[in-house]
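Report on the structure given below.
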Amino acid sequence: MTESRRPGLTYADAGVDIDAGNRLVDLIKPLVRATRRTGADAEIGGFGAVFDLKPTGFRDPVLVAATDGVGTKVKIAVETGRHDGIGIDLVAMSVNDLVVQGAEPLFFLDYFACGKLEPEIAAKVVAGVAEGCKQAGCALIGGETAEMPGVYAAGDYDLAGFAVGAAERGGLLPREVAAGDRVLGLVSSGVHSNGYSLVRRIVEKSGLGWDAPAPFAPGRALGEALLEPTRIYVASCLAALRETRAIKAFAHITGGGFPDNIPRVLPKGLSVAIDLDAMPVPPVFRWLAEAGEVAEAEMLRTFNCGIGMIAVVAEDDVDVVEAAFARAGETPVRLGRVTPVGADRARVTYSGKLALGAAS
């Protein structure tokens, strides 16, 4: 009598579903195609992605690259089941860093890692990535999905993004920042994608659930309001930069807030004096400060507090740069000046006070 052979283990038995991966590719192909731009056909499925720099019109280009994730903000997306906007955050965190150096974003790649691949959820995330790429004017030319049971719990996922841009060799920023230059701020859409470990701790302390009404955003649930996507500043910053050729530096206000990010674009011996009274503080920051009993200095080092991008311009160019930003849809705020470093050696100093009262 012949002994029947038991079927051997399969990859699916180990928790990895190749068919689900193929299903995801089918779902996202039209999303990816919608991000086509000069230099890329935005098709996926090959082993590598190709971008042709020649037709973009750069004469003597320098490539600029950036990579980032969205941190623990992704936990709120997972716990609330709201996945549509987190992909915009992913793109924003890298392309905003490219424009800081005067570079135009050209293409983007994403990495999606999870415990168990659910194609419909992953497709919502990629839809956000595609939307972010369209806002930034770059092509989504590739990515990777990794199903890793045992590393991530079922339902959990994490994201990483990679962006490449280009600038003319003589057009890289920062340049020629000097004492007396003015500092302009571009408003944020909210918390953006930094400080969410503290945000989640404050929400836990408050006792509110993600579905509770947001104390700072009438008509919205707390989780929904805290997932407001990061603003992408590429279009307005490139427009003002190219129109005026007067912007000396940008600073993207991310992790580390004002004291850690602004000095990155300052020469030695210079600091920035910020007038906190001039800052338009959105209600979400007032609520976070009050509910978490967070001190002003900690708010400024952890969050953007209402200003997501800084521009440095010469005193004589302030009006023309403000007008260019206004035409690009921004409402720039005059925040302060570049000054010599003082005796305390602080690279960012403050006057006035953040409007951190009770949330409205």
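The values are calculated or read from the model by the stated rules, or taken from the named source; none is laboratory data. From a predicted model like this one, the values you see are computed outputs, not experimental measurements. FYI the Cβ positions are ideal-geometry reconstructions off the backbone, even for glycines, and counts take in every protein chain you see. With ligands, DNA and RNA removed, areas are computed over all heavy atoms of the protein, side chains included. Shrake-Rupley method; radii C 1.70, N 1.55, O 1.52, S 1.80 Å.
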Review point. Just for strands (runs of 3 or more DSSP E) wholly inside the range 113-208: which have at least 1 residues that are within 23 Å of GLY223 (Cα to Cα)?
Key: 157-168, 182-187
Check your understanding: Quick one: would you say ARG23 is open to solvent by 50 Å² or more (accessible area, probe 1.4 Å), more than 24 Å from the chain's Cα centre (by Cα) and within 16 Å of VAL125 (Cα to Cα)?
Key -> yes
Point to revise | Failed condition for THR302, given (1) under 18 Å from SER197 (Cα atoms); (2) touching a Phe, Trp or Tyr at 6+ places or on another chain (Cβ under 9 Å); (3) hydroxyl-bearing (Ser, Thr, Tyr) | key: (2)
Check your understanding: Considering the range 37-66 alone, what residues qualify as being farther than 15 Å from GLU104 by Cα and either open to solvent by 50 Å² or more (accessible area, probe 1.4 Å) or small (Gly, Ala, Ser) (or both)?
Key -> ASP41, ALA42, GLU43, GLY45, GLY46, PHE47, GLY48, ALA49, VAL50
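Quick check: anything in the range 92-109 closer than 30 Å to ASP17 by Cβ and part of a helix (DSSP H, G or I)? Write out each step before concluding.
Here is the first cut: in the range 92-109, the residues closer than 30 Å to ASP17 by Cβ are 93-94, 107-109.
Add one more test, that the residue is part of a helix (DSSP H, G or I), and what stays is 93-94.
Yes, some residue in the range 92-109 is closer than 30 Å to ASP17 by Cβ and part of a helix (DSSP H, G or I).
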Point to revise | Matching residues, the range 95-138, being touching a helix residue (DSSP H, G or I) at 6+ places or on another chain (Cβ under 7 Å), closer than 20 Å to THR56 by Cβ and among the acidic types (Asp, Glu) | key: GLU104
Check your understanding: If ASP52 passes every condition in (1) touching a residue at least 40 places away in the same chain (Cβ under 8 Å); (2) more than 25 Å from the chain's Cα centre (by Cα); (3) under 15 Å from ILE141 (Cα atoms) but one, which one does it miss?
Key -> (1)
Exercise for review: Filter the range 143-163 down to residues that are closer than 13 Å to GLU79 by Cα and either hydrophobic (A, V, I, L, M, F, W, C) or at pLDDT below 95 (or both) and give me whichever is most open to solvent (accessible area, probe 1.4 Å).
Suggested key: ALA154
Review point. Which members of the range 97-142 meet the condition of being of a type outside the set (A, V, I, L, M, F, W, C), open to solvent by less than 10 Å² (accessible area, probe 1.4 Å) and within 15 Å of the chain's Cα centre (by Cα)?
Key: PRO105, GLY128, GLY132
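Checking the conditions here, which among VAL99, VAL74 is touching a Cys at 6+ places or on another chain (Cβ under 9 Å) and either free of Cβ contacts under 8 Å to residues at least 12 places away in the same chain or under 24 Å from SER189 (Cβ atoms) (or both)?
Numbers: VAL74 fails: touching a Cys at 6+ places or on another chain (Cβ under 9 Å).
Selected residue: VAL99, the only one of VAL99, VAL74 that is touching a Cys at 6+ places or on another chain (Cβ under 9 Å) and either free of Cβ contacts under 8 Å to residues at least 12 places away in the same chain or under 24 Å from SER189 (Cβ atoms) (or both).
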Point to revise | the range 29-46 residues that are within 25 Å of GLY57 (Cβ to Cβ), paired with ones that are open to solvent by 60 Å² or more (accessible area, probe 1.4 Å) (beta carbon under 6 Å, 6 or more apart) | key: THR35/LYS134; THR38/PRO55; GLY39/ASP52; GLY39/PRO55; ALA42/ARG33; ALA42/ARG36
**Study point:** Residue list for the range 228-242, filter: open to solvent by 20 Å² or more (accessible area, probe 1.4 Å) and not acidic (Asp, Glu)
**Key:** PRO229, ARG231, ILE232, ALA235, ALA239, LEU241, ARG242
